[in-house]
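Everything below concerns the one structure shown next.
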Amino acid sequence: MPLLDARDPAAVDEAARRIAAGELVAFPTETVYGLGARADDDAAVARIFAAKGRPADHPLIVHVADAAAAARFAARLEPLAQRLIAAFWPGPLTLIVPRTDAVARAAAGGQDSIGLRCPSHPAAHALLAAAARLGVPGVAAPSANRFGRVSPTTAAHVVAEFGDALTVLDGGACPVGIESAIVDVTRGVPVLLRPGVLTREQLEAAAGQRLAERDARAPRASGTLASHYAPAARVRLFDAESLRAALAAPPAGVRVAVYSRAPVAAGPVALQRRMPDDAEAAARELFATLRELDAAGVEQIWVERPPATPAWEGVRDRLQRAAA
């Protein structure tokens with residue numbers, strides 16, 4: 001299948017035609033590359049689950065061109081949802097809303113709620129608009145990787161996962177780098193199911209109320225399993241002092257790569273990369289760095305824990321799940 005240039009309107013139209021025909025197309029968003037199929041076609045959505053090796057009851061996020069398109073999938077959009085949409089769409093926020101019975105049961109993983117997002121990446125917006133002109137109300141799209149593995153932030157990452165078996169719309173590197181925040185608004189209070197680059201303070205300011213914590217009543221949602229975002233190498237997390245101590249006596253015969261903000265002495269590690277001091281910069285490169293270190297053939301990746309501050313919550317979440 002071809003690698004299509006997202007800067008070419010004809011290529012975007014071709015990708016949209018493939019989605020309208022029920023095919024899978026990987027495409028860039030501002031967060032990560034998504035593996036897309038038309039959300040109103042359960043057979044097409046089933047191809048996503050098969051390609052990824054993803055359980056069919058683990059719901060997908062439906063990407064829509066605008067807030068008006070969300071109404072095709074949502075049974076209702078309460079004022080709380082509307083406030084968050086007005087503040088952050090298009091952008092890296094997914095809302096879990098009550099689902100209309102008429103559409104997208106497969107994308108919802110069989111639940112009566114559904115995750116909706118309007119991405120801000122220009123290629124994603126152009127693709128969704130072109131697909132809408134062909135009668136596609138929205139595109140279901142989890143990250144374009146094998147289930148549970150490191151998310152892709154470039155077209156090359158997608159090709160590394162699926163080879164030539166997939167159409168990929170190449171829009172360059174994703175500028176955000178980790179998946180969207182997910183907020184459940186089905187209960188009248190906002191519940192944070194997955195953090196992203198949007199901070200709790202930003203979300204609470206737009207919602208006009210505090211975010212509640214995930215509990216047993218929360219719907220299933222993308223990227224919330226205990227183990228996720230994992231490279232083949234084992235990921236281990238350390239604070240700066242523990243990392244220095246571990247490097248002073250590394251395990252014999254184990255190839256180790258290090259990703260840290262604090263400098264480490266050269267010698268006992270196969271590969272070192274420095275984590276940015278800025279949370280947004282770290283998010284932007286996180287998955288690409290994990291892929292690079294993993295590709296070096298190391299057995300373990302030692303990562304310095306990010307600061308326990310709100311700006312770093314999304315990066316901490318991805319690393320904790322990668323190390324689970």
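No value in this document is a laboratory result; all are computed from the given coordinates. Since the structure is predicted, the reported quantities are computational estimates derived from the model, not experimental observations. Glycine gets a Cβ as well: all are built from the backbone with ideal geometry, and neighbour counts include every protein chain shown.
Quick look at the numbers
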| read-out | value |
| --- | --- |
| Cα-based helix-to-principal-axis angle, 9-20 vs the chain, degrees rounded to 10 | 70 degrees |
| Simple Cβ-charge dipole of the chain, Lys/Arg +1 and Asp/Glu -1, about Cα centre, in debye nearest 20 | 560 debye |
| Kirkwood estimate for the range 234-322, i.e. one over the average of 1/r between Cα atoms, Å | 13.1 Å |
| For the range 3-213, share of DSSP beta bridges that run antiparallel, in % to the nearest 5 | 55 percent |
| Dipole of the range 234-322 [Lys/Arg +1, Asp/Glu -1 at C-beta], most positive-end residue of Ala283, Ala246, Pro307 | Ala246 |
| About the Cα centre, charge dipole magnitude for the range 93-187 (Lys/Arg +1, Asp/Glu -1 at Cβ), debye | 160 debye |
| Estimated dipole of the range 1-152 in Debye, rounded to 20 [Cβ of Lys and Arg +1, of Asp and Glu -1, Cα centre] | 240 debye |
| Relative contact order (%) - criterion: Cα under 8 Å, at least six apart; region: the chain | 20 percent |
| Centroid-to-centroid separation of the range 221-251 and the range 101-140 [C-alpha atoms, Å] | 34 Å |
